[in-house]
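The values are calculated or read from the model by the stated rules, or taken from the named source; none is laboratory data. Please read these numbers as outputs of a predicted model, since none were measured by experiment. We place every Cβ from the backbone using ideal geometry, glycine too, and count neighbours over all the protein chains shown. Note: accessible area is taken over every heavy atom of the protein model, side chains too, but ligands, DNA and RNA are not part of it. Shrake-Rupley method; radii C 1.70, N 1.55, O 1.52, S 1.80 Å.
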Amino acid sequence: MRVPATSANLGPGFDTLGLALALHDTVRVRTTTAGTTTVRASGEGAADLPNDATHLVARSLLGTLDRVGFRSPGLELDTTNVIPHGRGLGSSAAAIVAGVLAANALLPAGHRLDEAQVLQWAASLEGHPDNVAPALMGSLAISWESGHAYHSSRVEVHPDVVPVLAVPDAALSTESARALLPPSVSHHSAAANAGRAALLVHALSADPSLLFPATQDSLHQDYRAQAMLPSATLMRGLRSAGFASTISGAGPSIMTLAVGQEQADAAESAIARLLDQGDTPRAWRVLRLAVERVGAKVEVHQG
């Protein structure tokens with residue numbers, strides 16, 4: 001199977017909006033009679049990952065089987081990681097989605113989770129739905145919580161939208177970034193973000209010319225800036241130049257939502273120029289991606 005990277009928040013859509021990106025981790029699962037779970041990981045962050053049942057994909061898979069009353073006699077997992085870890089691109093959500101979907105494919109047909117149950121369980125494992133929803137559905141996902149249940153709705157993204165990512169070499173944990181947020185915000189900030197988030201859905205789906213004002217945030221990015229000053233400086237420089245740039249998820253990657261390939265060219269040039277002007281040069285990768293429109297894909301092979 002393959003699972004896409006995701007970018008959550010997108011500026012004002014804090015904990016509610018997520019975009020699927022055409023950058024994929026792949027996972028292959030084989031059942032065995034060994035009675036143990038082994039993981040062979042390659043690619044991004046592989047050297048730092050466990051090779052047993054504590055690996056996040058394996059934990060999610062085994063936890064899903066256990067949730068519906070099944071156990072596997074043994075598993076062999078091969079994971080190829082392309083999504084950078086700890087960069088605000090949904091690597092943990094991709095691992096959880098891969099594990100849950102793999103478990104669901106292994107279950108007898110009459111015991112499989114439906115789409116709503118898969119979303120609920122994956123979001124519960126992740127702690128929120130804003131990354132797992134677009135990883136499952138593709139495109140743009142709007143997520144909300146009602147009682148103890150998570151819900152998401154998919155929105156088709158305008159074909160002119162081109163995500164351009166600037167990914168630094170340094171990681172940042174989501175927990176560290178979230179710890180910097182204040183316990184409350186003013187009604188003015190809340191109202192400002194509500195309006196921009198609504199505008200952002202319209203801009204992404206129908207009128208990309210509005211992406212710059214639609215990506216203005218008042219809730220979280222300024223508070224988190226101290227944990228990722230080079231990223232915050234780059235984002236502010238890009239916005240000063242008129243680009244719809246945001247912190248991707250909890251950071252430290254920066255995502256620019258360009259309108260067409262010509263503006264994507266200009267965004268890449270601006271990123272290079274701003275990084276060259278920085279006081280603390282560091283390694284960055286610039287990725288021009290497409291919006292992933294179909295979400296996670298599962299292929300089942302018998303034998």
Taking the stretch 264-276 and the residues there that are acidic (Asp, Glu) and without any contact (Cβ under 8 Å) to a residue 12 or more places away in the chain, the one that is least open to solvent (accessible area, probe 1.4 Å) would be ASP265
Residue that is of a type in the set (Ser, Thr, Tyr) and within 19 Å of GLY249 (Cα to Cα), where the choices are SER92, SER72, SER60: SER92
Which residue is modelled with the lowest pLDDT, if the candidates are limited to the stretch 200-230 and must be open to solvent by 50 Å² or more (accessible area, probe 1.4 Å), assigned to a helix (DSSP H, G or I) and over 13 Å from VAL161 (Cβ atoms)? TYR223
Only one of these conditions is not met by ASP130: (1) out of contact with any strand residue (DSSP E or B) (no Cβ under 8 Å at 6 or more places or on another chain); (2) buried (at least 24 other Cβ atoms within 10 Å of the Cβ). Which number is it? (1)
Filter the stretch 160-176 down to the residues that are within 14 Å of MET235 (Cβ to Cβ) and either touching an Asp or Glu at 6+ places or on another chain (Cβ under 7 Å) or part of a helix (DSSP H, G or I) (or both) and list them by number. VAL164
Of all residues in the stretch 275-293 being in a loop (DSSP other than H, G, I, E, B), at pLDDT below 95 and not hydroxyl-bearing (Ser, Thr, Tyr), the one that is farthest from MET137 (Cα to Cα): ASP279
Could you pull out the residue among ALA197, ALA179, ALA241 that is surrounded by fewer than 17 Cβ atoms within 10 Å (Cβ to Cβ) and within 30 Å of TRP121 (Cα to Cα)? ALA179
Hits in the stretch 151-175 - residues which are among the hydroxyl-bearing types (Ser, Thr, Tyr), free of Cβ contacts under 8 Å to residues at least 60 places away in the same chain and surrounded by fewer than 16 Cβ atoms within 10 Å (Cβ to Cβ): SER153
When the stretch 145-173 is examined, which residues are found to be of a type outside the set (Gly, Ala, Ser) and under 17 Å from GLY11 (Cβ atoms)? VAL155, VAL157, HIS158, VAL161, VAL162, PRO163, VAL164, LEU165
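Here is a yes/no grid of residues against (1) more than 21 Å from the chain's Cα centre (by Cα); (2) within 20 Å of ARG224 (Cα to Cα); (3) among the charged types (D, E, K, R):
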| residue | (1), (2), (3) |
| --- | --- |
| HIS151 | no, no, no |
| VAL162 | no, no, no |
| VAL167 | no, yes, no |
| LEU172 | no, yes, no |
| PRO182 | yes, yes, no |
| ALA192 | yes, yes, no |
| ALA198 | no, no, no |
| SER205 | no, no, no |
| SER209 | yes, no, no |
Looking only at the stretch 231-260, which residues are out of contact with any Gly (no Cβ under 6 Å at 6 or more places or on another chain) and assigned to a loop (DSSP other than H, G, I, E, B)? ALA241, GLY242, PHE243, ALA244, PRO252
Within the stretch 253-263, which residues are open to solvent by 10 Å² or more (accessible area, probe 1.4 Å) and not hydrophobic (A, V, I, L, M, F, W, C)? GLY260, GLN261, GLU262, GLN263
Where the second residue is modelled with pLDDT under 95 and the first is basic (Lys, Arg) and lies in the stretch 291-303, which pairs have Cβ atoms under 7 Å and are six or more apart or on separate chains? LYS297/MET1
Pairs, first touching a residue at least 60 places away in the same chain (Cβ under 8 Å) and more than 19 Å from ASP25 (Cα to Cα) in the stretch 72-83, second among the small types (Gly, Ala, Ser) and open to solvent by 20 Å² or more (accessible area, probe 1.4 Å), C-beta under 6 Å, six or more apart: none
